[in-house]
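Report on the structure given below.
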Amino acid sequence: MNADHQPVFVDNEKFVVAITESEIQRRVQELGRDIERDYAGKTPILIGLLNGAFIFIADLCRAIAAIDVEVDFYKLSSYGDAKISSGDVKLLKGIDADIKGRHVIVVDDVVDSGLSMKFIRDALLQREPASLKFCALLFKEGVSELDFKIDYVGFAIPKHFVIGYGLDYKQKKRNLKCVYRLSA
């Protein structure tokens with residue numbers, strides 16, 4: 001087994017590779033091309049959700065080479081150190097950009113319950129963007145109760161707890177190059 005694909009442990013819990021670094025990078029490049037095509041002649045603003053999306057949004061920005069993009073960030077809290085959302089979304093940092101009349105793409109690491117996306121959608125629509133789309137590296141199938149579409153999805157995954165590539169468990173393992181799932 002490749003050394004990069006060895007299991008990792010957090011607090012004696014075993015995580016195994018779910019999505020490899022090469023699979024992630026290939027898919028991020030595809031998402032970048034899709035965004036370039038959809039926003040040709042425009043300058044969208046990518047709004048990342050911290051902390052989980054910071055690696056994904058950095059790679060996505062570099063994959064969008066044919067058009068200009070701007071970047072801003074929200075910071076929310078809905079997990080704390082838990083493996084499941086608390087159900088309570090708290091705004092820790094708002095965006096600085098004026099998005100009125102702008103094309104906005106919200107970029108997140110993972111959509112599971114959908115609470116964060118609903119919170120951000122409601123907040124951004126009040127600011128009257130020209131358009132509002134959503135991009136997520138991971139979409140947990142059968143979990144979210146969104147009443148709107150995630151426009152750009154990297155990977156649809158089962159309802160597993162995942163870490164790596166920006167996703168954490170108790171603030172650990174964000175720096176892994178692959179996405180790992182909790183081993184059964």
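Residues being buried (at least 18 other Cβ atoms within 10 Å of the Cβ) and in contact with a helix residue (DSSP H, G or I) (Cβ under 9 Å, 6 or more places away or on another chain): count how many of those fall in the stretch 91-102. Reasoning before the result, please.
Residues of the stretch 91-102 buried (at least 18 other Cβ atoms within 10 Å of the Cβ): 95, 99, 102.
Checking which are in contact with a helix residue (DSSP H, G or I) (Cβ under 9 Å, 6 or more places away or on another chain) leaves us with 95, 99.
Of the residues in the stretch 91-102, 2 are buried (at least 18 other Cβ atoms within 10 Å of the Cβ) and in contact with a helix residue (DSSP H, G or I) (Cβ under 9 Å, 6 or more places away or on another chain).
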| query | With L60, L50 as the choices, which residue is modelled with pLDDT under 95, within 14 Å of Y165 (Cα to Cα) and not acidic (D, E)? | reply | L50
| message | Cβ contacts < 8 Å: first residue on the phi > 0 side of the Ramachandran plot and in contact (Cβ under 8 Å) with a residue 12 or more places away in the chain, restricted to the stretch 158-170; second residue aromatic (F, W, Y) and not in a loop (DSSP other than H, G, I, E, B), any location; separation 6+ or different chain. Result? | response | G164/F15; G164/Y180; Y165/F56; G166/F54; G166/F56
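For the stretch 114-123, which positions are crowded, with 19+ Cβ neighbours inside 10 Å and at negative phi?
Our first condition is that a residue be crowded, with 19+ Cβ neighbours inside 10 Å; within the stretch 114-123, this holds for 114-117, 120.
Result: L115, S116, M117, I120.
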| query | For the stretch 1-35, how many residues are over 20 Å from V110 (Cβ atoms) and buried (at least 16 other Cβ atoms within 10 Å of the Cβ)? | reply | 0
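Return a yes/no flag: does the stretch 127-148 have any residue that is acidic (D, E), surrounded by fewer than 18 Cβ atoms within 10 Å (Cβ to Cβ) and touching a strand residue (DSSP E or B) at 6+ places or on another chain (Cβ under 8 Å). I'd like the intermediate steps shown before the answer.
Let us first name the residues in the stretch 127-148 that are acidic (D, E), namely 128, 141, 145, 147.
Narrowing the set further to residues that are surrounded by fewer than 18 Cβ atoms within 10 Å (Cβ to Cβ) leaves 128, 141, 145, 147.
Narrowing the set further to residues that are touching a strand residue (DSSP E or B) at 6+ places or on another chain (Cβ under 8 Å) leaves 141.
So far as the stretch 127-148 goes, yes, one or more of its residues are acidic (D, E), surrounded by fewer than 18 Cβ atoms within 10 Å (Cβ to Cβ) and touching a strand residue (DSSP E or B) at 6+ places or on another chain (Cβ under 8 Å).
Just need a number here: residues in the stretch 51-66 that are part of a loop (DSSP other than H, G, I, E, B) and surrounded by 21 or more Cβ atoms within 10 Å (Cβ to Cβ). If you could, list the steps in order and put the result at the bottom.
If we filter the stretch 51-66 for residues that are part of a loop (DSSP other than H, G, I, E, B), which is where we start, we get 51-53, 64-66.
Next, from what is left, pick out any that are surrounded by 21 or more Cβ atoms within 10 Å (Cβ to Cβ): 52-53, 64.
Here the count works out to 3.
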| query | Of everything in the stretch 67-78 that's surrounded by fewer than 19 Cβ atoms within 10 Å (Cβ to Cβ) and of a type in the set (A, V, I, L, M), which residue is nearest to K170 (Cα to Cα)? | reply | V71
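The values are calculated or read from the model by the stated rules, or taken from the named source; none is laboratory data. The structure displayed is predicted, hence computed values, not measured ones. Every residue, glycine as well, gets a Cβ built from its backbone with ideal geometry; the counts of neighbours run over all protein chains shown.
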